[in-house]
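Okay, so here's the structure we're looking at.
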Amino acid sequence: MSGLPKMELSKDAVDFIDDGYLIQLLSGPPPERQQVRDIVAKSLNKQALSIEETAVLLRTNEPELLEEVFNTAHTLKETVYGNRIVLFAPLYVGNDCVNDCIYCGFRRSNPLAVRRTLTPEELREQVLKMESVGQKRSILVFGEHPKYDADFIAEQVRTVYNTKNGHGEIRRVNINAAPLDHEGYRTVKSAGIGTYQIFQETYHHDTYSRVHPPNTRKGNYLYRLDGLSRAFEAGCDDVGLGVLFGLYDWRFEVLGLVAHALHFQQRYGVGPHTISFPRLRPACGVDFPGLGSVGDEHFKRVIATLRLAVPYTGLILTARENASLRRDLMKFGVSQIDAGSRIEIGGYTEKEEKQIADREQFELGDTRSLDTVMGELLQDGYVPSFCTACYRLGRTGEHFMEFAIPGFIKRFCTPNALTTLMEYLVDYASPETRAAGEERINMELAKFEDGPVKAELEKRLNRIKQTEDRDLYF
Ligand code: SF4
């Protein structure tokens, strides 16, 4: 591709997506009921599904069987992750981009996009604002542009980690940016990132070429598909997959995500850390026909089917979706959400609540404050968590799975969720949220058997309430 920089691939890079085979798996008569029930039972045993088994779930339309899929997704989430929901907030650093993805507000040919890249001082101001409301986990987002190279990204990560204010600090920084080469990933990893996210956007080859002009960096399907393999080989062992639902058939895309997860499992012995499933949203200067093509009922099946297919991968539901839909969908397997998000470049220091479309990649659906979302999660029986322990204790990639598989995570996740929740209640919560949160903590404590873990947890919760001690994780 003329004029485009050299694109290094991973060792034995391979295009593992066979469109014809995936489409064939999705065609044919509805499956036998027993076949569906056997696959649902396998998931309930926390076993990952094959592409073929996932396709069977996607081919059934029987309401009774779908109800079983939804119920199993809920049960599986409870079994592996308990009732905790991990929280984060995105931070858009710059929206210059050399690509021209036809569905994106940041695409280079969009005349309405207001281009901006945060200066180091502006970045600090954004982080201080986020910390002032209790955010502890963030994902930095960048357009694809030579000026957002690995050194630049690493520098932003360090700035975020070094920006603290009282008890305010960001303890885990994830990245959503363009694919890099091995050296680039090592540079970014050395800055202490958590997850590196790259969304394939669509796994369907023809659609990919249609929406990503070939003379752009993003026009190279295999270079992007291979992006996280290079990241993993360079030491970024927490990787995040994603598809932009609405570009092509949602069932095909679910199979693509599962195929990608299985590719990682087979090749590196560990699955992806997270999967995201953003749906197309209105965007300034974008007129894309796929808007609304994946309805809420189908979107619910996307989440539940992924929950059954990849039991150990975190599922991220973002504030693209509106508040009431998020509230409903969360119970079908979601383990992470963002809250209190602003996605304009420099959005967190804006006085106005109103979104500023020409500085956004797309329009948000849920613009509620962090405290409002915390209050609703507590009301619905969830434990909101800002935990960052696994990643800081090296329980990532393979090490993380060791813990996850035997269910040990519950031994760590719930106590850490409760200590990070108590920090939020003491330092940032409204009186109503604090009252609901302390009640939730007492209910969770009552579920613990008496013993050293419970005693130590109670000690740490009291230390947070009565002293300035913070960040007391297991
Ligand atoms: S989707 Fe990403 S790469 Fe494509 S135009 Fe938007 S910011 Fe650029």
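The values are calculated or read from the model by the stated rules, or taken from the named source; none is laboratory data. Just so it is clear, the structure is predicted and the values come from calculations on it, not from any experiment. Cβ atoms come from the backbone with ideal geometry, glycine included; neighbour counts cover every protein chain shown. These accessible areas exclude ligands, DNA and RNA; they are computed on the full protein's heavy atoms, side chains included. Shrake-Rupley method; radii C 1.70, N 1.55, O 1.52, S 1.80 Å.
Which value at 222 nm does the chain reach when only helices count, each DSSP H run of 4 or more adding -39,500 (n - 2.57), with the total divided by all residues and rounded to the nearest 500 deg cm²/dmol?
-14000 deg cm²/dmol
Just going by the charge dipole of the stretch 1-114, with Lys and Arg at +1 and Asp and Glu at -1 on Cβ, which of Gln34, Asn45, Leu112 is farthest out on the positive end?
In the stretch 1-114, that residue is Leu112.
Dipole of the stretch 19-61, Cα-centred, from +1 at each Lys and Arg C-beta and -1 at each Asp and Glu C-beta, to the nearest 20 debye?
For this selection, approximately 220 debye.
Compute the distance from the alpha-carbon center of the stretch 1-70 to that of the stretch 324-345, in whole Å.
Using only Cα atoms, the two centres lie 24 Å from each other.
If you average the alpha carbon positions of the stretch 432-474 and of the stretch 192-246, how far apart do those two centres end up, in angstrom?
With the stretch 432-474 and the stretch 192-246 each reduced to a Cα centre, they are spaced 40 Å.
Once you place label points 7 Å from the Cα toward the Cβ at Ser324 and Glu8, how far apart are they in nm?
Rounded to a tenth, the inter-label distance reads 5.2 nm.
Got the relative contact order for the stretch 19-61 handy, in percent, Cα pairs under 8 Å and 6 or more residues apart?
57
Carbon and sulfur: what percent of the stretch 19-61's accessible surface (1.4 Å probe)?
54
Which value, in debye to the nearest 20, gives the size of the charge dipole of the chain about its Cα centre, when Lys and Arg are +1 and Asp and Glu are -1 at the Cβ?
580
Long-range amide H contacts for Leu91: which residues qualify at under 5 Å (H placed 1.01 Å from N, peptide plane, sequence gap of 5 or more or a different chain)?
The answer is Ile139, Leu140, Val141.
State the cysteines of the chain left without a partner when partners are defined as other cysteines whose beta carbon lies under 4.7 Å away.
Singleton cysteines: Cys97, Cys236, Cys284, Cys387, Cys390, Cys413.
For the pair Glu155/Gln379, report the inter-label distance in nm, with labels modelled 7 Å from Cα in the Cβ direction.
4.5
Go ahead and collect, in residue order, the members of the stretch 349-377 whose backbone nitrogen is under 17 Å from a label point 7 Å along the Cα-Cβ direction of Arg116.
Output list for this probe position: 349-364.
Distance cut-off 31 Å, Cα to Cα: go down the list Lys164/Lys459; Lys6/Lys164; Lys189/Lys351; Lys164/Lys354; Lys351/Lys459 and report the pairs above it.
Flagged as over cut-off: Lys6/Lys164; Lys189/Lys351; Lys351/Lys459.
Would you mind working out the accessible area per residue for the chain, using a 1.4 Å probe, and quoting it in Å²?
On a per-residue basis, 38 Å².
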